[in-house]
1. Sort PHE87, PHE9, PHE45 so that the residue with the fewest other Cβ atoms within 10 Å of its own Cβ comes first and the one with the most comes last.
2. Most exposed first by the Cβ proxy, i.e. fewest other Cβ within 10 Å, how do ARG54, ARG29 rank?
3. In region 18-39, whose amide N lies under 14 Å from the spot 7 Å out along Cα-to-Cβ of THR85? List them in ranges.
4. Go ahead and run the numbers for FRET between PHE9 and ALA44, Cβ-Cβ distance against an R0 of 35 Å, rounding to 0.05.
5. How far, in nm, would the chain grow between THR101 and THR142 when pulled straight, counting 0.36 nm per residue and subtracting the alpha carbon separation?
6. Taking 0.36 nm per residue of sequence separation and subtracting the Cα-Cα distance, how much length would be gained by fully extending the chain between MET109 and THR131, in nm to one decimal?
7. So what's the gap between the Cα centers of region 1-39 and region 93-148, to the nearest angstrom?
8. Counting only other residues whose beta carbon sits under 15 Å from that of ALA123, what net charge do I get with K and R as +1, D and E as -1?
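Laboratory data are not the source of any read-out in this text; all were calculated from the coordinates shown. Being a predicted model, the structure only gives us computed values, none of them experimental. No Cβ is skipped: glycine too gets one built from the backbone with ideal geometry, and neighbour counts run over all protein chains shown.
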Amino acid sequence: MAVTSSPIFAQTPYVKSLTLAAQTACTTRGPTATANLAAANITAFVPVSTNGLRIDSIGVTAASTGFTVASVANIVGIWAWDGTTAFLINEILTTVVTPSTTAVSYSGMLTYAQPLILPAAFALYASVSVTTTAGGAALVVTAYGGAY
């Protein structure tokens, strides 16, 4: 007997941002239990959802309070949390860019070839490898996708 199924599509667009200003560096890439996330400087980013989420891409943009302040080299870690443990699933490398009134600041994008599907009980967290400051090395990380 043949089984047929219909595809499931996202119901609404989804965008979620997290400011990584004055964020202390994370010093691990290892699986981290929920109780240790704050101490490891791994910060909640995309919360759990009712029906799950599809994440198509994650962007990182410099967000210093100084308009002409150079960004710094950094690694933004993206962590999948399954309700008990966070696992590092992606890293986004930022580079040094010196913006001005006529030159843009750092901006990078991780685009998934196949969407990252988060079950309803899962969340994403983020971290940085170099401590950020609001005035000079602040970043904003943004997830783009759809909610089921």
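1. PHE9, PHE87, PHE45
2. Values: ARG54 18, ARG29 14.
In order of increasing Cβ crowding within 10 Å: ARG29, ARG54.
3. Flagged as within label range: 29-37.
4. Step by step, r from the Cβ atoms, then E = 0.85.
5. Fully extending the segment from THR101 to THR142 adds 12.4 nm.
6. Here the answer is 5.9 nm.
7. 13 Å
8. Net local charge, ALA123 excluded: +1.
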